[in-house]
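The values are calculated or read from the model by the stated rules, or taken from the named source; none is laboratory data. As the structure is a computational prediction, the values presented were derived from the model and not from experiment. Backbone-built Cβ (ideal geometry, glycine too); neighbour counts: all protein chains shown. Only protein heavy atoms, including side chains, enter the accessible area calculation; ligands, DNA and RNA are left aside. Shrake-Rupley method; radii C 1.70, N 1.55, O 1.52, S 1.80 Å.
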Amino acid sequence: MTDIVLKNTHTELIDPQAQRVVDFLEQIGLPADNIIAEQSERSIIGNNLPAYIESLPTEAKRDARYLSKFVVGAGFGLFDYSLNAIWNEVVLDLRKKAITYGVDIFFDSSVGGGKNREFYKTEDDLGSLKDAVLLDTCRKLELISDTTYKKLKHILDMRNDIGISHPTNYTINAFELLGWLQTCIQDVLNDRPTDAALQVQAFIKNLKSHNSPIDASTHRQIETKISELPSHHLASILRTTFGIYVAPETDPQVRKNISVIAPAIWANCLDEPKYKLGIILEGYNTNLHREKHDLGEQFFQVVGGNPFRSPNERAINVDTLLDQLLEKHDGWDNFHHEAPVADSVASYIQEQNDILLNNADKLVKVIMMCRIGRGVTYCNGVSPRGKDYYDHILSQLGDKYAPHAMAILSHYEIQRKLGSPVCRIQAKQALEIVKQSVVNARLIECLDYLISKIENNGKCVLDSEFKKLSAQYISW
């Protein structure tokens, strides 16, 4: 075996004596076919591999044990062994890129925000990621290009399908193996992340360590840069800044800085990452991470993100807030105390789709009661600061929820209010606001009927004519 490698020429990488190993396998009764490559394939390797390796920079070869393993495997005709050697080096390099980029961002992108995320914290945890997940995340974060991703995905598929650990009748040919080697070295091992990826990395690193206030000039520069980043990078930044914000050990000034720049990140980000954060926030509550949940609620309040919280949390929170709002409305000094709660309710209702069907009736009833007011002459009985919030919510009802606003006028509590001339005027104004977002001609006709009569007749909603007019939309 000492004469296997020829010293005088590159044309043959191995001596035909390698065939003796195959003969030995046959002698002892083991499978011998498709174990080593044919002599013709090894000759192709011998004619091409040395020249390619010589073309590599000296520093690229100095500690490249994977190349030594590749050459040995190729020389003996164990092409699947060579493929494993180069792929293992690719995986190690991709992990290094992930570490350089930041493992927190990388795990946020690869694992997401579910319960599993708790088990991925350090560089050592990168080894727990499947190669396919590692590859997908590197592409998402632009640590490799889309073209390189496609090439590596093919190599990974081939490695999994025909590798040494997967029995197969397929034989790797020499040119395939050489092509894969070149792809791995040039496109991965000698490649660096894009400028955009490095900017994100630097941004997160600086954000974590910047414990002094962000001035107005820096704030404007950051907002400009944020608006120029690709959406997938913004998704990574959003997840990471949220993670930093809710971490109990985060410096209060860092948290304050995040609250300054987070609205710009949120505004430029797509909806999907926002909804995912809402699920993460609900998970904190479910798993009793009270401090993280409280800080997460602060973050969502800062960015105006309550409509993106999970449906369960939104339904519970809005229901609780409506109870509080009604209590404030009926209590002492309601003009002052209604507004903060109304602000919280409105933060969940930025558009019609934010209204959940299971608390739509209660939402419309409480908002209409507050908007109609208490019938006193001071400020026409309506909280001056709360009025804008009520008008905003009523303006989002549209065709879907306008019938709720009309039907609720027949409720005994509102009928009691409509005994007051001041309340009837406010009810007319509320219906006019609802009408602004309605498109359906029949619903507009119904609203016009009430608007024309309610100021003088608080019971017009109970008229048989109106019931007949609205029968298609309201069950009487």
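Taken together, K467, K428 contain a single residue that is in a helix (DSSP H, G or I), of a type in the set (K, R) and farther than 14 Å from G373 by Cβ, which is K467.
The residues on offer are D80, D93, and the sole one that is in a helix (DSSP H, G or I), within 23 Å of N173 (Cα to Cα) and among the charged types (D, E, K, R) is D80.
Looking at the structure I just gave you, is F299 open to solvent by less than 40 Å² (accessible area, probe 1.4 Å), outside any loop (DSSP other than H, G, I, E, B), over 30 Å from C379 (Cα atoms) and touching a residue at least 24 places away in the same chain (Cβ under 8 Å)? Answer is yes for this residue.
Check segment 442-451 and report whether any residue there is open to solvent by 40 Å² or more (accessible area, probe 1.4 Å), in contact (Cβ under 8 Å) with a residue 12 or more places away in the chain and over 22 Å from D361 (Cβ atoms).
Yes.
Just one of (1) open to solvent by 80 Å² or more (accessible area, probe 1.4 Å); (2) not in a helix (DSSP H, G or I) fails for E54. It is (2). Touching a Pro at 6+ places or on another chain (Cβ under 9 Å), farther than 21 Å from Q426 by Cα and of a type in the set (D, E), is that true of E313? Considered against the rule, which asks whether it is touching a Pro at 6+ places or on another chain (Cβ under 9 Å), farther than 21 Å from Q426 by Cα and of a type in the set (D, E), E313 comes out as no. Among the criteria (1) hydrophobic (A, V, I, L, M, F, W, C); (2) under 14 Å from D104 (Cβ atoms); (3) outside any helix (DSSP H, G or I), the one I214 does not fulfil is (2). Scanning segment 275-296 for residues that are open to solvent by 60 Å² or more (accessible area, probe 1.4 Å) and of a type in the set (S, T, Y) yields a count of 2.
When A98, A60 are checked against the criterion of being part of a helix (DSSP H, G or I) and touching a helix residue (DSSP H, G or I) at 6+ places or on another chain (Cβ under 6 Å), A98 stands alone in meeting it. In segment 1-47, the residue that is most open to solvent (accessible area, probe 1.4 Å) out of those that are at pLDDT below 60, within 54 Å of the chain's Cα centre (by Cα) and closer than 18 Å to Y81 by Cβ is V5.
When restricted to residues that are part of a loop (DSSP other than H, G, I, E, B) and surrounded by fewer than 16 Cβ atoms within 10 Å (Cβ to Cβ), segment 251-274 contains 2. Summed over segment 312-332, the residues that are open to solvent by less than 30 Å² (accessible area, probe 1.4 Å) and under 16 Å from Y389 (Cβ atoms) give a count of 5. Applying the selection to segment 366-403, what residues are under 18 Å from D323 (Cβ atoms) and out of contact with any Lys or Arg (no Cβ under 8 Å at 6 or more places or on another chain)? Those that are under 18 Å from D323 (Cβ atoms) and out of contact with any Lys or Arg (no Cβ under 8 Å at 6 or more places or on another chain): V366, I367, M368, C370, S383, G386, Y389, I393. Suppose the filter is free of Cβ contacts under 8 Å to residues at least 60 places away in the same chain, part of a helix (DSSP H, G or I) and surrounded by fewer than 16 Cβ atoms within 10 Å (Cβ to Cβ); does N353 pass it? The answer is yes for N353. When the residues of segment 130-186 are filtered to those that are assigned to a loop (DSSP other than H, G, I, E, B) and β-branched (V, I, T), the one that is modelled with the lowest pLDDT is I164.
For the criterion of being in contact with a Gly (Cβ under 8 Å, 6 or more places away or on another chain), among the hydroxyl-bearing types (S, T, Y) and either open to solvent by less than 40 Å² (accessible area, probe 1.4 Å) or at negative phi (or both), S437 passes.
Conditions (1) touching a residue at least 40 places away in the same chain (Cβ under 8 Å); (2) open to solvent by less than 40 Å² (accessible area, probe 1.4 Å); (3) not basic (K, R), marked per residue:
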{"site": "G398", "(1), (2), (3)": "yes, yes, yes"}
{"site": "H411", "(1), (2), (3)": "yes, no, yes"}
{"site": "I414", "(1), (2), (3)": "yes, yes, yes"}
{"site": "Q426", "(1), (2), (3)": "yes, yes, yes"}
{"site": "E432", "(1), (2), (3)": "no, no, yes"}
{"site": "N457", "(1), (2), (3)": "no, no, yes"}
{"site": "V461", "(1), (2), (3)": "yes, yes, yes"}
{"site": "Q472", "(1), (2), (3)": "no, no, yes"}
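Close contacts from segment 176-190, counting a first residue that is surrounded by 17 or more Cβ atoms within 10 Å (Cβ to Cβ) and a second that is part of a helix (DSSP H, G or I) and among the small types (G, A, S), with Cβ to Cβ under 8 Å and a gap of 6+ residues or different chains, come to L177/A74; L177/S82; L181/S82; I185/A60; L189/A60. In segment 261-274, the residues that are more than 20 Å from N206 (Cα to Cα) reach residues that are open to solvent by 10 Å² or more (accessible area, probe 1.4 Å) and among the hydroxyl-bearing types (S, T, Y) with C-beta atoms within less than 9 angstrom, at least six apart or across chains, in these pairs: A267/S227; N268/S227; N268/S231; C269/S231; L270/S231; P273/S231. Taking segment 63-77 as the range and being more than 21 Å from I144 (Cα to Cα), part of a helix (DSSP H, G or I) and touching a residue at least 12 places away in the same chain (Cβ under 8 Å) as the test, the residues that pass are L67, K69, F70, V71, G73, A74, G75, F76.
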